[in-house]
Amino acid sequence: MIGTLSENKKAALLSVLILLVGCFIWEMSIPAQKAVEELTEYERLTGGGQPKAGVPPPSQVLGKAWEQLSDPFYDAGPNDKGIGIQIGYSIYRVLTGYLLAAVIAIPLGFLIGMSSVAYKALNPFIQVLRPISPLAWMPLALFVIQDSEMSAIFVIFICSIWPMLINTAFGVAGVREDWVNVARTHELGALKTAFTVILPAAAPTIVTGMRISIGIAWLVIVAAEMLVGGTGIGYYVWNEWNNLDLTSVIFSILMIGVVGMLLDSMFGLLQRTVAYTE
Amino acid sequence: MANAFLSIEQLTQRYPDGNGGEFTVFENASFGIEKGEFVCILGHSGCGKSTIMNILAGLAEPTSGVVKMDGQHVSGPSLDRGVVFQNYSLLPWLTALKNVTFGVQARFPDWDKAKVIEHSTTFLAKVGLTGDAIHRKPSQLSGGMRQRVSIARAFANEPKLLLLDEPFGALDALTRGTIQDELIKVWSDTDQTVFMITHDIDEAILLADRILLMTNGPNAQVAESVEITIPRPRNRTDIVEHPNYYAIRNHLVHFLGQRSAELSGQSGGSGMHQPKTVRIDVTDEADDPEPAPVLRAVEG
Ligand SMILES: Nc1ncnc2c1ncn2[C@@H]1O[C@H](COP(=O)(O)OP(=O)(O)OP(=O)(O)O)[C@@H](O)[C@H]1O
Ligand SMILES: [Mg+2]
C-alpha cells in the first residue's frame, strides 16, 4: 500500500512519524515530577521541592501552545502580553529595519554593479563593515540614538543591508552584455534600461540576497530584543527564562522557528516568480 | 561610393595585444552599401567581421574612421539599425511575443497596446511563428524558433539597415533552409538594407546581391566585392543549375582556401582600400569570366 503513494506523501508520512517518535522519546525520558503534597518534610526544607526547573515534557509544551494560541493578543501589563503581540513587535522591527535596508541597498547595489569605479571605491568599506556582528553595533546605537526601539531597528538595518547590497551589485554587474546591447540598440534610456532589462535580469540574484537578509534579520532580532528588553519575542524568551518557565521558553523557541520559516517561504515564493531559465 | 546609403570610410580597429603593444585587426577598410542591397561578408574566424558589425551597429567605436548612413555619422546605437545577434539575445524572462513587443514599443512609442501586439504577431507569423508558441519563453523554444523570434524582433522595427551576425550559425541544415527562405521573403517585402555575416558560402550565394571577402587577420582587408550574377527569385534547388553558380562558388572557395592567407597582412599603407569589384558571369561572354579555379568539393 505504501509503495503506491507518491514520493511527497511518503515523505510527509515519515515526517509525522519522526515527530511522534521524537515526542514520545522526549516525553518518556523526563522523570515525572512529584506533586507538592507528596514531598517529604526534608525535601520541603531544602527547597528540593521548588517547582523544578526541569525540562518540561512535550505534552506540557503542547498545552502551553494551546493556551497561548487560543488567546494570542491579550495584554495584561508590560510583563504579560500574548505571544501574538510579542511576535508582532518583533516582525514590525524586522520589517522596518529590513525595508529601510532594502531602500538603500538595492539602488546603491545597482550603482555599484553598474560602475566599476563605484565598486572599487566602496568595496573596502563593505569588506570592513560586513563581518561586524550586528550586536556589536548595539552599544554605539544605544548611545547615539538614545532609544532602545530605534536601536533594535538600526541593528536589523545594519545586518540586513550587506547581503542585499552585495547580491544586487553582483547581479547587476553580471547581467549579460548581450541583453544590455539589446536595450542599447532599441535606444532605451538609462532608467528604462534599468527597469526593463537590468532589474529583471538581476532579480533572481537580488531576491536571493533579500532572502538571506530576512533570515539574518530574524536571527538577530531575538538577540537584540534580549538586550533591549521591553517587548518582542526575544524579550519574551528572556523573560520566561527569568521566570524559570521553561515550557514557555520552549514554546516561544518553536514559534521563532515557525515565523522564521514563514518569512523565508515568502521569499522562496518571490524567488520562484522572478526566476528564469536562459 | 561616397554617397552610398551606407558608407564605411577608412575604418581602422586596433586592440592592445596584451604585451603592451597593439595589433591591428583591420586598417583603412572602406566600402559602401546601396539602399535595399543584401550584402554578405565572408572571412575566416577572427578577421574582424563581428568587430565591423558592432561598429556599424554603433555598439563599438572604431580606433579611427567613420561610418555614414544616409550621409549622417553613425555614433551610438539607433533604432534605424536593427541587430540580430549571433546568440539570439532574447530576453529570457519575456515570452516570444513580449520580446517582439519590447522592440516595437521602443520603436513606436505612441502606438496603443493593441496595435503593438497586432504588429508584433504579424511579424512573428511572417517567420512562421503562430499559435501558443508565441506565448512561450525562449527557454521553452527550439533553437530555430528562438532565431526566428530574434529575426521577427529586428524586422518588426522596420529599421533602415539590418545587421545580422551569423544568424544561422547554430542551426541544422533543414531549419537553416526554412529560415533563410523566410528571411528572403520578409526582406523582399520591404526596402530594407541587409548586412549579414556568415561562414556558409552557399548561404551567401543564395541570399546576397554582393559578397564582401575579407583576408585573414591581423591586418585584414576587405579585399573583394563579388557580385552574385544570379537572378532572383532564387531557390536553393534550382540555383545550382545556374551556369554562374559554380563559377562564383569556386571563386569564393579559392579565395577563402588560399588567397585570403596569401593576401593577408599586405598592409597597403595609408589611403582608401576599396575592395576590388569582381563580376563573374559566364552567360555574358562579353565580360571575361574569372578563370574558374579547379578547387571544388570544399565545404564552406
Ligand atoms: N575587446 C577586444 N579586445 C581585444 N581584442 C579583441 C576584442 N574584440 C575582438 N578582438 C580581436 O579582434 C579580432 C577580430 O574579432 P572578431 O570578433 O571581429 O572576429 P570575427 O571575424 O567575427 O570572427 P568569428 O568569425 O570567429 O566570429 C580577433 O583577433 C579578436 O581576438
Ligand atoms: Mg564573429
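The values are calculated or read from the model by the stated rules, or taken from the named source; none is laboratory data. Bear in mind that the values here come from a model prediction, so they are computed numbers and not experimental data. Cβ placement follows ideal geometry from the backbone for every residue including glycine, while neighbour counts extend to all protein chains displayed. Surface areas here come from the heavy atoms of the whole protein model, side chains and all, with no ligands, DNA or RNA. Shrake-Rupley method; radii C 1.70, N 1.55, O 1.52, S 1.80 Å.
Side notes on the structure shown:
- Rounded tilt (10° steps) of A:116-129 against the dominant C-alpha axis of chain A: 20
- 3J(HN,Hα) from dihedral phi, the range B:18-28, Karplus parametrisation 6.51/-1.76/1.60, rounded to Hz, x for glycine, proline: x, 10, x, x, 9, 10, 9, 6, 8, 9, 6
- With the whole protein complex present, B:HIS242 retains an accessible surface near 50 Å², based on a 1.4 Å probe.
- Local electrostatic count, A:VAL94, Cβ distance below 14 Å [Lys/Arg +1, Asp/Glu -1]: -1
- The heavy atoms of A:TRP137 present about 50 square angstrom of accessible area, all protein chains included, probe 1.4 Å.
- Charge context of B:PRO233, other residues only, Cβ under 15 angstrom, K/R +1, D/E -1: -2
- Solvent exposure ordering (accessible area, 1.4 Å, most first) of B:PHE5, A:PHE143: A:PHE143, B:PHE5
- Estimated FRET transfer efficiency (B:HIS44, A:ALA275; beta-carbon r; R0 51 Å; 0.05): 0.80
- Model label sites at B:ARG234 and A:LEU191, defined 7 Å from Cα along the beta-carbon direction, differ in position by 4.9 nm.
- Largest-first ordering by accessible area, 1.4 Å probe, given options A:ILE85, B:ILE197: A:ILE85, B:ILE197
- Between A:VAL128 and A:TRP26, the FRET efficiency from the beta-carbon distance, with R0 = 56 Å, is close to 0.80.
- Nearest-0.05 FRET efficiency for B:ASP17 and A:PHE73, computed from C-beta distance (R0 45 Å): 0.05
- Between helix A:83-114 and chain A: long-axis angle, C-alpha atoms, 0 to 90°, nearest 10: 20
- Taking all Cα pairs closer than 8 Å and separated by 6 or more residues, the relative contact order of the range B:122-217 comes to 30 percent.
- Peptide A:179-192 - average C-beta neighbours from other chains (10 Å radius): 6
- For A:MET261, the solvent-accessible surface with a 1.4 Å probe is about 120 Å², rounded to the nearest 10.
- Among A:TYR98, A:TYR276, A:TYR119, the order of accessible area from largest down is A:TYR119, A:TYR276, A:TYR98, computed with a 1.4 Å probe on protein heavy atoms.
- Overall shape of the range B:103-260 was characterised from the C-alpha gyration tensor. The equivalent ellipsoid obtained from it has semi-axes of 32, 17, 15 Å, in decreasing order.
- Spin-label pair B:ALA114-B:VAL66: with each label point 7 Å from Cα along the Cα-Cβ axis, the two points sit 4.7 nm from one another.
- Based on Cα contacts under 8 Å between residues 6+ apart, the range A:149-278 shows a relative contact order of 29 percent.
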